[in-house]
Amino acid sequence: MPLSVGIVGLPNVGKSTVFNALTAGKAEAANYPFCTIDPNVGVVPVPDARLGRIETHIKTQKVIPAIVEIVDIAGLVKGASQGEGLGNKFLANIRECSAILMMVRCFDDPNVIHVSGSVDPMRDIDIIDLELVLADADTADKRLKKAQTQAKSGAKDAKAELALAERVYAHLGAGKPARTLFGAPGAPNSDSVTRGDLSPEDRAQVATFGLMTAKPVLYCCNVGEGDLPNGNAWSDAVRARAAKEGAGVVVLCGKVEAELAELAPADRGELLAAYGLKEPALATLARECYRLLGLQSYFTAGEKEIRAWTIRKGALAPEAAGVIHTDFEKGFIRAQVYSVDDLDQLGSEAAIKAAGKLRMEGKDYVVQDGDIMHFLFNV
Ligand code: GDP
């Protein structure tokens, strides 16, 4: 399963513009057999300079970067959770995503109508949060009712489940997104009433509730081209909010991203420089998703392909092997490991081995970001 991120936002904030720009390079979904082939799903390669470094030393047929799937989730408007309700497809789409990319309009343009009449990212975020919170409250209510029934029957662990369901329901009922109940990784523990005081077991339990607002959020501030690269007062306000919530932030300009997307990568330098940018926002965005979700990459490298694989930080070697194939995890024996730095210094796997730097690691090895690995397994 590739990492997938769903784009949500009010109408006319630039979702389609950015989605199209992100996916214009068309890393063909067909090249990634495990990817969903759907017009609303774009495949974005995660830029990683280490792949190029490996390729200078190891001749290969193809280089395959890690990818993020970006899902364009249309249909969120004020009041969406009432009346018709948020469509089932909409809810299912968000539930399947690992994280939510919340696109917020931080550009002023009299030619582009704002659905709420003025540019105000804080209000817009509140509107979206509220719709998702209301839909989540429904979900939590069902869970609560089930927990109440189970508690009456005296089922094991039912009391703890009930207490947790009550707490989550009350939190959502107060209009607060579930993510503020436990904060995202790295969130400052500034508000102990609403954050950070759930035990790891309770967090894991809440994760099974299927709440949309429990997912990590990446705010994507769409600013005017004159406000690149650092943004404006609106995006600064979003940044401050994100810091409190432990959310991520990316500042970009949809229009500029669209222009960049039309150029071949080698021809983008001048335009990037004109706006003071180091790279297209898509690169920043893919990296932020990784950080937010606590992910990292390891590599496999050989004559057939050099490839980046996505794993959790802290993953042990068998789990990392399982990303390639479940058999690799089940039959894991050991891993041969070296680093990109070793390869740069010594120039080949044989030289690394000769220098005694090819390590043999077992089941308890915590995989490090950028490890180059070869697995030995038995099925
Ligand atoms: P969506 O409804 O959120 O998908 O919004 P669209 O991507 O369709 O954008 C709505 C309008 O805003 C379009 O006319 C875009 O050309 C315009 N737009 C998008 N991004 C920018 C931007 O960065 N600056 C300006 N001035 N207009 C933009």
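For the reader, a short list of remarks on this structure follows.
- Residue 60 being part of a helix (DSSP H, G or I) and either in the same structural domain as residue 322 (by TED's automatic domain parsing) or modelled with pLDDT of 85 or more (or both): no
- Residue 97 satisfies every condition listed in (1) modelled with pLDDT of 85 or more; (2) closer than 23 Å to residue 224 by Cα except (2).
- Top-ranked residue of the range 342-379 - restricted to ones that are closer than 15 Å to residue 297 by Cβ and charged (D, E, K, R), ranked as nearest to the chain's Cα centre (by Cα): 369
- Conditions (1) touching a residue at least 60 places away in the same chain (Cβ under 8 Å); (2) of a type outside the set (Asp, Glu); (3) in contact with a Phe, Trp or Tyr (Cβ under 9 Å, 6 or more places away or on another chain); number of the one not met by residue 343: (3)
- Those residues of the range 248-296 which are within 16 Å of the ligand (Cβ to nearest atom) and either among the acidic types (Asp, Glu) or in contact with a Gly (Cβ under 7 Å, 6 or more places away or on another chain) (or both), in sequence order: 251, 253, 254, 257, 259, 261, 262
- When residue 315 is tested against (1) surrounded by 18 or more Cβ atoms within 10 Å (Cβ to Cβ); (2) within 16 Å of the ligand (Cβ to nearest atom), only condition (2) is not met.
- Conditions (1) surrounded by fewer than 13 Cβ atoms within 10 Å (Cβ to Cβ); (2) modelled with pLDDT of 95 or more: number failed by residue 379: (2)
- Within the range 253-275, at least one residue is buried (at least 21 other Cβ atoms within 10 Å of the Cβ) and free of Cβ contacts under 8 Å to residues at least 60 places away in the same chain.
- Check on residue 185, in the same structural domain as residue 109 (by TED's automatic domain parsing), in a loop (DSSP other than H, G, I, E, B) and modelled with pLDDT of 80 or more: no
- For beta carbons closer than 9 Å, sequence separation of 6+ or different chains, a first residue in the range 7-20 that is more than 17 Å from residue 122 (Cα to Cα) and more than 7 Å from the ligand (Cβ to nearest atom) and a second that is in a helix (DSSP H, G or I) and of a type in the set (Lys, Arg), the qualifying pairs are 7/15.
The values are calculated or read from the model by the stated rules, or taken from the named source; none is laboratory data. Please read these numbers as outputs of a predicted model, since none were measured by experiment. Please note: Cβ atoms are built from the backbone with ideal geometry, for glycine as well, and neighbour counts cover all protein chains shown.
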